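Q: Attaching a single structure in C-alpha coordinates format; questions to follow.
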Amino acid sequence: MLNNSIKPKVTLVGAGPGDPDLLTLKGVRALAEANVVLYDALANEEIMNHAPKTALRIFVGKRKGAHSYTQDQINQLIVDNALTYGNVVRLKGGDPFIFGRGSEEIEFVESFGIPTFVVPGISSAIAVPAYQGISLTKRGVSESFWVITGTTSDRNLSNDIALAAQSSATVVILMGMSKLEQIVTLFQNESKGKTPIAIIQNGTTPTEKVGIGTIDTIQGIVLEQKLSNPAIIVIGEVVRERNNLKEIYKELESNKICARG
(Lines give C-alpha, C1' and ligand atoms only; values in the text may rest on other atoms or scores of the structure.)
Protein backbone atom coordinates (compact mmCIF):
# COMPACT_ATOMS: atom_id res chain seq x y z
CA MET A 1 0.00 0.00 0.00
CA LEU A 2 1.32 3.43 -0.97
CA ASN A 3 2.52 5.57 1.91
CA ASN A 4 0.43 8.74 1.78
CA SER A 5 3.40 10.78 3.00
CA ILE A 6 5.33 9.91 -0.15
CA LYS A 7 5.16 12.65 -2.77
CA PRO A 8 6.33 11.11 -6.05
CA LYS A 9 8.31 13.29 -8.40
CA VAL A 10 10.58 12.52 -11.36
CA THR A 11 13.26 14.79 -12.78
CA LEU A 12 15.10 13.98 -15.99
CA VAL A 13 18.61 15.41 -15.76
CA GLY A 14 21.03 15.71 -18.66
CA ALA A 15 24.52 14.73 -17.46
CA GLY A 16 26.33 16.34 -20.38
CA PRO A 17 28.89 14.77 -22.73
CA GLY A 18 31.40 13.34 -20.26
CA ASP A 19 33.40 16.04 -18.52
CA PRO A 20 31.78 16.14 -15.05
CA ASP A 21 32.25 19.92 -14.92
CA LEU A 22 29.77 20.24 -17.80
CA LEU A 23 26.88 19.14 -15.58
CA THR A 24 24.65 22.17 -15.00
CA LEU A 25 24.16 23.75 -11.58
CA LYS A 26 20.47 22.91 -11.83
CA GLY A 27 21.43 19.29 -12.43
CA VAL A 28 23.68 19.32 -9.36
CA ARG A 29 20.83 20.66 -7.22
CA ALA A 30 18.41 18.05 -8.55
CA LEU A 31 20.83 15.22 -7.76
CA ALA A 32 21.45 16.60 -4.27
CA GLU A 33 17.75 16.20 -3.45
CA ALA A 34 17.28 12.72 -4.97
CA ASN A 35 16.07 9.71 -3.02
CA VAL A 36 16.72 7.45 -6.02
CA VAL A 37 18.96 7.91 -9.07
CA LEU A 38 18.50 5.77 -12.17
CA TYR A 39 21.57 6.42 -14.28
CA ASP A 40 22.90 5.57 -17.71
CA ALA A 41 26.35 4.31 -18.70
CA LEU A 42 27.87 7.69 -17.94
CA ALA A 43 31.23 8.67 -19.37
CA ASN A 44 32.22 9.86 -15.89
CA GLU A 45 30.57 8.42 -12.79
CA GLU A 46 32.08 11.25 -10.73
CA ILE A 47 28.76 12.96 -11.49
CA MET A 48 27.07 10.51 -9.14
CA ASN A 49 28.97 12.05 -6.22
CA HIS A 50 26.44 14.90 -6.26
CA ALA A 51 23.71 12.52 -5.07
CA PRO A 52 23.28 11.92 -1.31
CA LYS A 53 25.14 8.89 0.05
CA THR A 54 21.79 7.56 1.23
CA ALA A 55 20.24 7.71 -2.25
CA LEU A 56 19.43 4.42 -3.93
CA ARG A 57 21.48 4.07 -7.11
CA ILE A 58 20.20 1.92 -9.99
CA PHE A 59 22.29 1.38 -13.11
CA VAL A 60 20.09 1.14 -16.21
CA GLY A 61 22.74 1.87 -18.84
CA LYS A 62 22.78 0.62 -22.38
CA ARG A 63 25.77 -0.17 -24.53
CA LYS A 64 25.84 -1.89 -27.89
CA GLY A 65 25.12 -5.56 -27.24
CA ALA A 66 24.75 -5.09 -23.50
CA HIS A 67 21.47 -3.75 -22.10
CA SER A 68 20.88 -4.13 -18.37
CA TYR A 69 17.19 -3.27 -18.83
CA THR A 70 14.82 -2.80 -21.75
CA GLN A 71 13.27 0.63 -22.21
CA ASP A 72 9.90 -0.66 -20.97
CA GLN A 73 11.58 -1.98 -17.83
CA ILE A 74 13.32 1.36 -17.27
CA ASN A 75 10.02 3.19 -17.61
CA GLN A 76 8.41 0.94 -15.01
CA LEU A 77 11.39 1.23 -12.65
CA ILE A 78 11.10 5.01 -12.72
CA VAL A 79 7.41 4.85 -11.77
CA ASP A 80 7.82 2.12 -9.13
CA ASN A 81 10.64 3.98 -7.39
CA ALA A 82 8.82 7.31 -7.50
CA LEU A 83 5.75 5.76 -5.88
CA THR A 84 7.88 3.97 -3.27
CA TYR A 85 10.56 6.52 -2.43
CA GLY A 86 9.33 9.87 -3.74
CA ASN A 87 11.97 11.99 -5.45
CA VAL A 88 13.53 10.16 -8.42
CA VAL A 89 16.24 11.55 -10.69
CA ARG A 90 16.61 9.90 -14.07
CA LEU A 91 20.19 10.80 -15.05
CA LYS A 92 20.86 10.56 -18.77
CA GLY A 93 24.01 11.21 -20.78
CA GLY A 94 24.09 14.37 -22.89
CA ASP A 95 20.66 15.97 -23.13
CA PRO A 96 17.57 13.87 -22.31
CA PHE A 97 15.77 14.92 -25.48
CA ILE A 98 18.61 14.48 -28.00
CA PHE A 99 18.35 10.80 -28.96
CA GLY A 100 17.83 10.08 -25.27
CA ARG A 101 14.23 8.80 -25.32
CA GLY A 102 13.47 11.32 -22.61
CA SER A 103 10.08 12.19 -24.05
CA GLU A 104 9.02 8.53 -23.94
CA GLU A 105 9.96 8.30 -20.27
CA ILE A 106 8.15 11.54 -19.44
CA GLU A 107 4.97 10.40 -21.21
CA PHE A 108 4.97 7.07 -19.35
CA VAL A 109 5.56 8.64 -15.94
CA GLU A 110 2.91 11.32 -16.45
CA SER A 111 0.35 8.65 -17.37
CA PHE A 112 0.47 7.69 -13.67
CA GLY A 113 -0.19 11.26 -12.59
CA ILE A 114 3.37 11.74 -11.32
CA PRO A 115 4.74 15.28 -11.79
CA THR A 116 7.81 15.49 -13.99
CA PHE A 117 10.55 18.04 -14.57
CA VAL A 118 13.39 18.29 -17.08
CA VAL A 119 16.88 19.70 -16.55
CA PRO A 120 18.47 20.10 -20.00
CA GLY A 121 22.01 18.84 -20.50
CA ILE A 122 24.82 19.96 -22.76
CA SER A 123 24.58 17.75 -25.83
CA SER A 124 27.69 15.93 -27.03
CA ALA A 125 26.68 16.94 -30.56
CA ILE A 126 27.76 20.50 -29.76
CA ALA A 127 30.21 20.17 -26.87
CA VAL A 128 32.48 17.47 -28.28
CA PRO A 129 33.30 19.35 -31.52
CA ALA A 130 33.75 22.55 -29.49
CA TYR A 131 36.39 20.87 -27.31
CA GLN A 132 38.29 20.14 -30.51
CA GLY A 133 38.00 23.74 -31.71
CA ILE A 134 35.35 22.89 -34.32
CA SER A 135 32.65 25.53 -34.63
CA LEU A 136 29.62 23.89 -36.21
CA THR A 137 28.63 27.19 -37.81
CA LYS A 138 30.98 29.88 -39.03
CA ARG A 139 30.30 33.01 -41.03
CA GLY A 140 31.12 32.43 -44.69
CA VAL A 141 31.70 28.70 -44.15
CA SER A 142 28.57 27.04 -42.72
CA GLU A 143 25.15 28.57 -42.15
CA SER A 144 23.57 25.56 -40.43
CA PHE A 145 24.17 22.08 -39.11
CA TRP A 146 22.39 18.73 -38.99
CA VAL A 147 22.46 16.41 -35.98
CA ILE A 148 21.55 12.90 -37.08
CA THR A 149 21.53 9.46 -35.54
CA GLY A 150 23.66 7.13 -37.60
CA THR A 151 21.70 4.06 -36.59
CA THR A 152 17.90 4.06 -36.37
CA SER A 153 15.77 1.96 -34.03
CA ASP A 154 15.59 -0.78 -36.68
CA ARG A 155 19.44 -0.76 -36.89
CA ASN A 156 19.53 0.82 -40.35
CA LEU A 157 21.35 3.94 -41.53
CA SER A 158 19.20 7.06 -41.23
CA ASN A 159 17.81 8.26 -44.57
CA ASP A 160 18.46 11.82 -43.43
CA ILE A 161 22.20 11.36 -43.93
CA ALA A 162 21.71 11.07 -47.69
CA LEU A 163 19.78 14.34 -47.64
CA ALA A 164 22.39 16.02 -45.46
CA ALA A 165 25.15 14.92 -47.83
CA GLN A 166 23.49 17.02 -50.55
CA SER A 167 23.62 20.19 -48.47
CA SER A 168 26.42 22.61 -47.59
CA ALA A 169 25.62 22.30 -43.88
CA THR A 170 27.88 20.81 -41.23
CA VAL A 171 26.77 17.25 -40.50
CA VAL A 172 27.11 15.77 -37.00
CA ILE A 173 26.39 12.05 -36.76
CA LEU A 174 25.92 10.26 -33.45
CA MET A 175 26.05 6.47 -33.14
CA GLY A 176 27.40 6.20 -36.67
CA MET A 177 30.71 4.34 -36.41
CA SER A 178 29.23 0.98 -37.39
CA LYS A 179 27.84 2.64 -40.52
CA LEU A 180 30.97 4.62 -41.45
CA GLU A 181 31.54 2.82 -44.74
CA GLN A 182 27.96 3.57 -45.86
CA ILE A 183 28.26 7.18 -44.74
CA VAL A 184 31.49 7.62 -46.70
CA THR A 185 29.86 6.15 -49.82
CA LEU A 186 26.91 8.56 -49.58
CA PHE A 187 29.22 11.58 -49.48
CA GLN A 188 31.42 10.21 -52.26
CA ASN A 189 28.31 9.79 -54.40
CA GLU A 190 27.80 13.54 -54.00
CA SER A 191 31.39 14.21 -55.18
CA LYS A 192 32.45 15.18 -51.67
CA GLY A 193 35.46 12.92 -51.29
CA LYS A 194 37.68 15.89 -50.36
CA THR A 195 35.30 17.18 -47.68
CA PRO A 196 36.98 17.34 -44.23
CA ILE A 197 35.77 14.97 -41.53
CA ALA A 198 36.61 14.52 -37.87
CA ILE A 199 35.91 11.52 -35.68
CA ILE A 200 36.09 12.19 -31.95
CA GLN A 201 36.03 9.25 -29.54
CA ASN A 202 35.24 9.67 -25.83
CA GLY A 203 34.89 13.41 -26.31
CA THR A 204 35.55 15.80 -23.38
CA THR A 205 37.08 12.99 -21.29
CA PRO A 206 40.73 12.21 -20.44
CA THR A 207 40.64 9.30 -22.92
CA GLU A 208 39.52 11.48 -25.83
CA LYS A 209 40.96 10.53 -29.23
CA VAL A 210 40.50 12.35 -32.54
CA GLY A 211 41.11 11.47 -36.16
CA ILE A 212 40.90 14.13 -38.85
CA GLY A 213 40.99 13.56 -42.59
CA THR A 214 38.72 13.67 -45.61
CA ILE A 215 35.82 11.52 -46.68
CA ASP A 216 38.22 9.61 -48.95
CA THR A 217 40.86 9.00 -46.26
CA ILE A 218 38.95 8.68 -42.99
CA GLN A 219 38.45 4.91 -43.00
CA GLY A 220 42.20 4.39 -43.15
CA ILE A 221 42.69 6.88 -40.32
CA VAL A 222 40.11 5.05 -38.19
CA LEU A 223 42.02 1.79 -38.65
CA GLU A 224 45.38 3.40 -38.01
CA GLN A 225 44.28 5.19 -34.84
CA LYS A 226 41.96 2.38 -33.69
CA LEU A 227 38.99 4.71 -33.31
CA SER A 228 35.72 3.17 -32.18
CA ASN A 229 32.51 3.83 -30.26
CA PRO A 230 31.49 5.94 -28.49
CA ALA A 231 32.39 8.54 -31.08
CA ILE A 232 30.96 11.53 -32.91
CA ILE A 233 31.42 12.14 -36.62
CA VAL A 234 31.66 15.74 -37.86
CA ILE A 235 31.62 16.39 -41.61
CA GLY A 236 32.02 19.76 -43.28
CA GLU A 237 34.31 22.64 -44.15
CA VAL A 238 34.26 23.83 -40.52
CA VAL A 239 36.61 20.94 -39.72
CA ARG A 240 39.21 22.56 -41.99
CA GLU A 241 38.71 25.81 -40.06
CA ARG A 242 39.38 24.07 -36.76
CA ASN A 243 41.23 26.02 -34.10
CA ASN A 244 43.42 23.97 -31.81
CA LEU A 245 42.01 24.69 -28.37
CA LYS A 246 43.40 21.60 -26.63
CA GLU A 247 46.28 23.47 -24.97
CA ILE A 248 43.87 26.11 -23.70
CA TYR A 249 41.66 23.47 -22.10
CA LYS A 250 44.69 21.75 -20.57
CA GLU A 251 45.81 25.05 -19.05
CA LEU A 252 42.33 25.71 -17.66
CA GLU A 253 42.20 22.21 -16.17
CA SER A 254 45.65 22.68 -14.63
CA ASN A 255 44.62 26.00 -13.07
CA LYS A 256 41.43 24.38 -11.73
CA ILE A 257 43.42 21.59 -10.07
CA CYS A 258 45.80 24.14 -8.52
CA ALA A 259 42.83 26.14 -7.21
CA ARG A 260 41.35 23.01 -5.62
CA GLY A 261 44.69 22.23 -4.01
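The values are calculated or read from the model by the stated rules, or taken from the named source; none is laboratory data. This is a predicted model, so every value here is computed, not measured. Here Cβ is always computed from backbone atoms with ideal geometry, including for glycine, and neighbour counts include all displayed protein chains. Accessible surface areas use protein heavy atoms only, side chains included; no ligands, DNA or RNA. Shrake-Rupley method; radii C 1.70, N 1.55, O 1.52, S 1.80 Å.
Q: Leaving out ligands and nucleic acids, and using a 1.4 Å probe, what accessible area per residue does the chain come to in Å²?
A: 53
Q: Sorted by mean Cβ packing within 10 Å, highest first, what order do the peptides 14-27, 143-156 take?
A: Most protected by this proxy first, the peptides run 14-27, 143-156.
Q: Can you tell me the FRET efficiency between D21 and L56 if r is taken as the Cβ-Cβ distance and R0 is 22 Å, rounded to the nearest 0.05?
A: 0.30
Q: Using each residue's phi in region 155-162, evaluate 6.51 cos²θ - 1.76 cosθ + 1.60 at θ = phi - 60° and report the 3J(HN,Hα) Karplus result to the nearest Hz, with x for Gly and Pro.
A: 3J(HN,Hα) across region 155-162, in whole Hz: 6, 9, 6, 4, 5, 5, 5, 5.
Q: If you don't mind, there's one more thing I want to ask. Using only protein heavy atoms and a 1.4 Å probe, report how much of F59 is accessible, in Å² to the nearest 10.
A: The value for F59 is about 90 Å².
Q: What's the carbon and sulfur percent of the chain's accessible surface, probe 1.4 angstrom, rounded to a whole number?
A: Reported share for carbon and sulfur atoms: 52 percent.
Q: Can you compute the radius of gyration and Dmax for the chain, using only the Cα atoms, both in Å?
A: 20.0, 65
Q: Could you compute the FRET efficiency for K7 and S153, with r as their C-beta to C-beta distance and R0 at 45 Å, rounded to 0.05?
A: 0.85
Q: What does the extension gain come out to for K138 and E45, with contour length at 0.36 nm per residue minus their alpha carbon separation?
A: Here the answer is 30.1 nm.
Q: Please identify every one of the trypsin sites (Lys or Arg not before Pro) in region 61-118 that sits in a loop by DSSP and has no more than 11 other beta carbons within 10 Å of its own beta carbon.
A: K64
Q: Quick one: which residues, 5 or more positions from T11 or on another chain, have an amide H under 5 Å from its amide H? H modelled 1.01 Å from N in the peptide plane, none for Pro or chain starts.
A: Close amide H contacts, sequence-distant or interchain: V88, V89, R90, F117.
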